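A short reminder: the numbers here are calculations on the coordinates, not readings from a lab. Predicted, not measured: the structure shown is a model, and the values here were computed from it. Neighbour counts are summed over all protein chains in view; Cβ atoms, including those assigned to glycine, are modelled from backbone coordinates with ideal geometry.
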Amino acid sequence: MACISSVSTISAGARAMGRRPVSNPAARRSSVTVRSAFTLAPPPFELDALEPHISKRTMEFHWGKHHQTYVNNLNAATEGKPEADMSLEDIMMKSWNNGAGGGLFNNAGQVWNHDFYWNSMKPNGGGEPSGKLMDMINASFGSFDDFKSKFIAAGAPGPAFGSGWVWLVEKDGKLEIQFTTNAENPVVLGTGNPLITYDVWEHAYYLDYQNARPSYVTTFVEKLVDWDAAAARLSA
């Protein structure tokens, strides 16, 4: 049976994605690993590559300003603290604190979520997946068309009232559509292995679509989603 859920408080645990600690020469001499400051990872495409669906101007604001601000805030919040030597995923998991959250989690979660979002899209994306992923979609939702309508409805606005993220998640051998609020994601909630996400914060689409969020969501699914990336994230 297809499942669309709005998730908020479930125990943590899932596969992580992100940066590894790096070492500098001084650290190598002392055999101590030191993590450099987090940096804004570039999307896997040029800023104008998603046009006309997502404009270069939106990317300049969304990636270049909003995402950058989360990175800056994360570095400021961890400077001189034990978290300064932790990975992004470890900071995110620790600061989520079973839903208590707070400023540190909000920034760590939003850095992670945005990294995942950029890597859920590609120029000339959309269409239909193939192979194992398509088989799982058919088994979980009945057909690709049924999945597509549910995936669009989940963020337009469906259960996605307000700010948050819509995810396609692998869980217990099946696929689910989940909505998380604010900076939360399936990793901290322990609700499965995320395959794809799209952002329904207004800054993701307002310059291009104004208040027509359904048009943005439909365009993401039909023209931008990277099914190859989703298939590569499936469990072996």
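Figures for the structure shown
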item	result
Every residue from the stretch 79-93 that is part of a helix (DSSP H, G or I) and within 18 Å of the chain's Cα centre (by Cα)	LEU88, GLU89, ASP90, ILE91, MET92, MET93
Residue within the stretch 155-174 that is of a type in the set (D, E, K, R), within 27 Å of HIS66 (Cα to Cα) and either out of contact with any Leu (no Cβ under 6 Å at 6 or more places or on another chain) or not in a loop (DSSP other than H, G, I, E, B) (or both) present	no
Residue count for the stretch 185-199, restricted to those that are part of a loop (DSSP other than H, G, I, E, B), in contact with a Gly (Cβ under 7 Å, 6 or more places away or on another chain) and under 11 Å from TRP167 (Cα atoms)	1
Unmet requirement for TYR117, which otherwise passes all of (1) under 16 Å from the mean Cα position of the chain (by Cα); (2) of a type in the set (Ser, Thr, Tyr); (3) surrounded by fewer than 18 Cβ atoms within 10 Å (Cβ to Cβ)	(3)
Checking THR218 against (1) touching a residue at least 60 places away in the same chain (Cβ under 8 Å); (2) not in a helix (DSSP H, G or I), the condition it does not meet	(2)
